[in-house]
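This report concerns only the one structure given below.
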Amino acid sequence: MTESTSPAPAGKATKEKMAPWLFWTIFGVATAVFVVLVYLVASVTVPLMWASAIRDQVAGKLGNAIPIGMFYGFVFTFAPITIAWQARRRSLNKWVRVGMLVLGVLLLVPNLLTLGVMYGSSATAADARAIWATGANWFGTWSQVFMVVGVVCAVASIVLVRMWLSRGKALRAVRTAEKQERDAARAQERADKAAAKAAAKAGSQSPGRAVPPADGSGPPQA
């Protein structure tokens, strides 16, 4: 009696999964191409858009370019540094820290755009500088000055806050040590009083000893 083996059904060939290294290679190449395309498009359009937006905010009054430049330079440097510094706190949730870092990078974008316009070598950056030269003069200069001021103020505030926190921590440590010393002194005082009280009580409860008279006559005195 022979056993019959059924053949494997046709059309059900097992599908092989893509190798991980191949998947990540394709993903990396696609991401790199996307980033390059976005950069090329942004390098042509974003500087002109940013220059036009600043010109519209100045609204034809060249005196407005100075306070606007001071505002953008200081706020969008000071805020990102201080927010990103808070992300180093390990007591925060991991995703909160990541969100703070992302927020800090996003807040840097206006100043990065300003620097791209001021120091860009492309024709688009040159056209953007020409827009500022006629419609928002002094914006770039004062924005860069207050970028430096924002960095200095952010670093100074971080140092001062750390000094204040360390001083507060040292004061709390001193107060804790003093409190422990006072508690130990009180405990020792209570222990000494309890010991003295116990000794006095034990002395009052012990029987008196007979003391013989000095001349040897008569009954002994208690």
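Would you list the helices (runs of 4 or more DSSP H) that sit entirely within the stretch 45-141 and hold 1 or more residues that are within 20 Å of residue 154 (Cα to Cα) and at pLDDT 90 or above?
Details: elements: 65-86, 94-107, 109-119, 123-135.
It comes to 65-86, 94-107, 109-119.
Is there a residue in the stretch 117-139 that is under 22 Å from the mean Cα position of the chain (by Cα) and exposed (fewer than 13 other Cβ atoms within 10 Å of the Cβ)?
So the first thing to find is which residues in the stretch 117-139 are under 22 Å from the mean Cα position of the chain (by Cα), and the list is none.
Looking through the stretch 117-139, none of the residues is under 22 Å from the mean Cα position of the chain (by Cα) and exposed (fewer than 13 other Cβ atoms within 10 Å of the Cβ).
Only a single criterion out of (1) loosely packed, with under 14 Cβ neighbours inside 10 Å; (2) touching a residue at least 40 places away in the same chain (Cβ under 8 Å) is not satisfied by residue 76, namely (1).
Just one residue in the set 51, 42 is surrounded by 14 or more Cβ atoms within 10 Å (Cβ to Cβ), closer than 24 Å to residue 131 by Cα, in contact (Cβ under 8 Å) with a residue 60 or more places away in the chain and not charged (D, E, K, R); that residue is 51. For the stretch 144-158, does any single residue satisfy the condition of being part of a helix (DSSP H, G or I), hydroxyl-bearing (Ser, Thr, Tyr) and touching a residue at least 40 places away in the same chain (Cβ under 8 Å)? Scanning the stretch 144-158, I find at least one residue that is part of a helix (DSSP H, G or I), hydroxyl-bearing (Ser, Thr, Tyr) and touching a residue at least 40 places away in the same chain (Cβ under 8 Å), so the answer is yes.
So is residue 122 closer than 24 Å to residue 83 by Cβ and in contact (Cβ under 8 Å) with a residue 40 or more places away in the chain or not? For residue 122, the condition - closer than 24 Å to residue 83 by Cβ and in contact (Cβ under 8 Å) with a residue 40 or more places away in the chain - is not met.
The values are calculated or read from the model by the stated rules, or taken from the named source; none is laboratory data. Worth saying up front: this structure is predicted, and the values here are computed from it rather than measured. Using ideal geometry, Cβ is built from the backbone for each residue, glycine included, and neighbour counts are taken over all protein chains shown.
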